[in-house]
Amino acid sequence: MEIAEARGASKCVEKMEKEVAPEKRQYYRTTVLNIISSLCSVASVAFCILLSINAADIKNRVVDLESGNGEHTFLRVPGYSMDDFNSLIEQRVDELLSQRSYENFVKIRTARQASPECNCPP
C-alpha cells in the first residue's frame, strides 16, 4: 500500500512539475521582454536628451551669429591666416557661381539629318 501511495505521490509530483515548467518559461519570457522594453525606453530618453542639447547648442550659435558675436566660434588653424581663409572662400564661391550660370543657358540643338518619311520632331 505504501508503495502505491509513493508511486501516486511521485506521479503527482511529476504532473505538478510538468504544469509548472510552462509557467516558468512564460515568466522568463515576460521578464526578458520587460528588460528589453526598459532598455529601449532608456535609450530613447537618452537620445532625446542628446538631441535637445544639440538643438540648444545650435540655437546659441545662431544667436551669436545674428548678434555679430560669432567671431569666437571660428577655430584658428595654425599656419592659415584670415586672409588665406577669405581667399579660399572667395575662390569657392566664384566656382559655385560659374557652375550655376551655366545651368541657366539655353541648350542649342542642331537639326539632325532625317529622311522625309520620318515624322519625328527635330
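Here, each number is a calculation from the coordinates, and none is a lab measurement. For clarity, every value in this text was computed on a predicted model and none was experimentally measured.
Name the shape class, rounded, prolate or oblate, that the alpha-carbon gyration tensor gives for the stretch 18-69, where a ≥ b ≥ c are the square roots of its eigenvalues, rounded holds for a/c under 1.5, and otherwise prolate holds if a/b is larger than b/c and oblate otherwise.
Judged from the Cα gyration tensor, the stretch 18-69 comes out prolate (a/c at least 1.5, a/b above b/c).
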Return the sequence-ordered ³J(HN,Hα) values of the stretch 79-89 in whole Hz as given by the Karplus equation 6.51 cos²θ - 1.76 cosθ + 1.60 applied to θ = phi - 60°, using x for Gly and Pro. x, 10, 9, 5, 5, 4, 4, 5, 5, 4, 5
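Extension gain residue 98-residue 84, at 0.36 nm per residue separation less the Cα-Cα distance, in nm?
2.9 nm is the gain from fully extending residue 98 to residue 84.
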